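Structure first, then comments.
The values are calculated or read from the model by the stated rules, or taken from the named source; none is laboratory data. Not measured: the values here are computed from a predicted model. Because the Cβ atoms are built from the backbone with ideal geometry, glycine has one as well, and the counts that use them run over all protein chains shown.
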Amino acid sequence: MKNLPTDLLRAFVTVTELGGFTQAAEWLGRSQPAISLQIKRLEQLLEQTLLIRSGQQLELSQSGQLLFRYAKQILAINDEAVAQFSKTSVSGKIHFGIPSEFATTLLPKIVGRFAQAYPNVTLEVNCALSKQLLSEPERHRYDLILALHDDPSMAGDNLVKEDDLVWVTGTDHDAHLQVPLPLIVAPKGCIYRKRGIEKLRESHRDWRIVYTIPDLTGIQAAIDEGLGVTVLAKSTVPENLRILKPSEKLPKLGKVGISLIDQSNEPSEAITRLMDFVKASL
């Protein structure tokens with residue numbers, strides 16, 4: 001039986017999420033040739049091609065997509081197990097700001113697992129639009145901020161992932177066929193709202209806002225009832241909603257950047273562990 005070393009899986013996941021060997025090497029504190037060798041060893045071990053170079057970009061092969069899902073799970077379990085044996089020495093209080101869009105998908109997973117692994121750490125979480133989380137002086141309320149960026153390059157060294165934006169509808173509804181297109185959106189300032197409207201205007205597609213709802217739970221309920229469509233980051237789409245395919249003729253939305261910003265003057269062990277949890281969950 002073959003074993004998959006976690007250091008190889010971590011290199012593979014990091015290359016995939018950051019989009020290149022150079023970025024992964026900087027993040028992991030290794031040389032680029034070392035990262036390339038780790039990916040090669042992983043491909044030899046599995047006897048599969050995992051990454052395909054397309055022009056200036058790296059893309060996952062079909063085997064790479066499958067391994068990526070498994071690798072994220074394996075690393076999350078590994079990191080949680082390691083955390084269990086060091087949790088007694090980690091304590092403190094963390095003020096954590098997270099985008100409203102992640103409140104019903106990512107947040108419960110992070111908070112539940114982190115609290116179990118580190119019971120002596122108090123986690124105070126506030127959900128708001130990224131624009132609000134990053135505004136002055138609001139941002140200084142937090143020790144750690146997870147934020148969305150309209151342009152991934154704006155995240156700088158804090159970028160942890162680029163995510164595709166997608167059109168989403170109810171599984172049993174055809175609101176996307178209506179003219180004008182009914183939109184369910186968050187209030188002004190939301191990156192998803194801004195990008196969706198921009199792309200509809202560029203494609204000369206008629207649209208109208210039918211509901212403005214400040215939280216994902218409300219948006220999800222309205223879409224589930226067939227009242228309209230919305231824009232979400234692909235990684236946050238709930239299972240009961242459907243991602244519209246390119247063949248369904250809505251404009252492409254591009255990507256957003258997801259950053260993790262350490263606001264503390266002196267990063268504590270608790271903050272470092274929470275950052276690891278967040279990265280593993282994205």
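Values computed for the structure shown
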read-out: Residue ID - surrounded by the most Cβ atoms within 10 Å (Cβ to Cβ), chosen from residues in region 152-189 that are among the charged types (D, E, K, R) and touching a residue at least 60 places away in the same chain (Cβ under 8 Å); value: LYS161
read-out: Check on TYR192, assigned to a helix (DSSP H, G or I) and either surrounded by 14 or more Cβ atoms within 10 Å (Cβ to Cβ) or not β-branched (Val, Ile, Thr) (or both); value: yes
read-out: Restricting region 210-226 to residues that are in contact with a Pro (Cβ under 8 Å, 6 or more places away or on another chain) and surrounded by fewer than 17 Cβ atoms within 10 Å (Cβ to Cβ), the residue that is nearest to PRO108 (Cα to Cα); value: PRO214
read-out: VAL231 touching a residue at least 24 places away in the same chain (Cβ under 8 Å), β-branched (Val, Ile, Thr) and surrounded by fewer than 19 Cβ atoms within 10 Å (Cβ to Cβ); value: no
read-out: Residue within region 33-43 that is surrounded by 15 or more Cβ atoms within 10 Å (Cβ to Cβ) and not in a helix (DSSP H, G or I) present; value: no
read-out: Residue ID - modelled with the highest pLDDT, chosen from residues in region 234-277 that are in contact with a helix residue (DSSP H, G or I) (Cβ under 7 Å, 6 or more places away or on another chain), under 26 Å from LEU216 (Cα atoms) and hydroxyl-bearing (Ser, Thr, Tyr); value: SER259
read-out: Criterion (of a type in the set (S, T, N, Q), surrounded by 15 or more Cβ atoms within 10 Å (Cβ to Cβ) and free of Cβ contacts under 8 Å to residues at least 60 places away in the same chain) met by exactly one of GLN132, GLN116; value: GLN132
read-out: Residues of region 16-26 satisfying the condition of being of a type outside the set (Val, Ile, Thr), surrounded by fewer than 18 Cβ atoms within 10 Å (Cβ to Cβ) and in a helix (DSSP H, G or I); value: GLN23, GLU26
read-out: Test for LYS109: is it modelled with pLDDT of 85 or more, of a type in the set (D, E, K, R) and in the same structural domain as GLY257 (by TED's automatic domain parsing); value: no
read-out: Among the residues listed as LYS161, LYS188, the single one being more than 21 Å from the chain's Cα centre (by Cα) and either assigned by TED's automatic domain parsing to the domain that holds GLU80 or of a type in the set (Lys, Arg) (or both); value: LYS188
read-out: Matching residues in region 161-178 - criterion: being farther than 18 Å from LYS252 by Cα and either in contact with an Asp or Glu (Cβ under 7 Å, 6 or more places away or on another chain) or modelled with pLDDT of 95 or more (or both); value: LYS161, GLY170
read-out: Counted residues, region 92-130 - those being farther than 26 Å from LEU241 by Cα, out of contact with any Leu (no Cβ under 6 Å at 6 or more places or on another chain), in a strand (DSSP E or B) and not aliphatic (A, V, I, L, M); value: 5
read-out: For ASN120: the one exception among (1) over 16 Å from the mean Cα position of the chain (by Cα); (2) closer than 24 Å to THR6 by Cβ; (3) not β-branched (Val, Ile, Thr); value: (2)
